[in-house]
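Take a look at the structure below.
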Amino acid sequence: QVQLVESGGDLVQPGGSLRLSCAASGSVSTTDVMGWYRQAPGKQRELVARISRSGMTTYTGAVKGRFTISIDNAKNTVYLQMNSLKPEDTAVYYCNKNHFSVNYWGQGTQVTVSS
């Protein structure tokens, strides 16, 4: 069983920064891929970034150059450093882990970018 616990969501002004954390517990595999998705009101959930345990990363175009995903394998924790935040980044951010082709989700953390 895999459990994911997110933290770090907050209200921040445009141009500000936040760091999200996601601590994973349970089974681990070298083939695991962890990532962050977000869902804004009235919109579908979308991929923000993902990272393999070897450190290979993928970003959606809207966040390239502003967000950085990283992983601490020893702590089974993935981070999302978000800089230069924009109002359109406002959403619930969900941590995801793909473990043997099964997707697991955290409960979500709210990020609001507003002045």
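The values are calculated or read from the model by the stated rules, or taken from the named source; none is laboratory data. Every value quoted in this text rests on a predicted model; they were computed, and no experiment measured them. Cβ coordinates were reconstructed from backbone atoms using ideal geometry, including for glycine residues, and neighbour counts include every protein chain displayed. Remember, those area values only see protein heavy atoms, side chains included, never the ligands or the DNA or RNA. Shrake-Rupley method; radii C 1.70, N 1.55, O 1.52, S 1.80 Å.
How about the range 81-104: which of its residues are open to solvent by less than 60 Å² (accessible area, probe 1.4 Å) and in contact with a helix residue (DSSP H, G or I) (Cβ under 9 Å, 6 or more places away or on another chain)? Those that are open to solvent by less than 60 Å² (accessible area, probe 1.4 Å) and in contact with a helix residue (DSSP H, G or I) (Cβ under 9 Å, 6 or more places away or on another chain): M82, D89.
If you filter the range 49-76 down to residues that are more than 17 Å from G15 (Cβ to Cβ) and touching a Ser or Thr at 6+ places or on another chain (Cβ under 6 Å), you find that the one that is most open to solvent (accessible area, probe 1.4 Å) is R50.
Out of the residues in the range 25-48 meeting the condition of being at pLDDT below 95 and closer than 19 Å to V102 by Cα, tell me which one is surrounded by the most Cβ atoms within 10 Å (Cβ to Cβ). The qualifying residue surrounded by the most Cβ atoms within 10 Å (Cβ to Cβ) is D32.
The residue list A49, A74 contains one member that is in contact with a strand residue (DSSP E or B) (Cβ under 9 Å, 6 or more places away or on another chain) and either free of Cβ contacts under 8 Å to residues at least 40 places away in the same chain or within 18 Å of G106 (Cβ to Cβ) (or both), which is A49.
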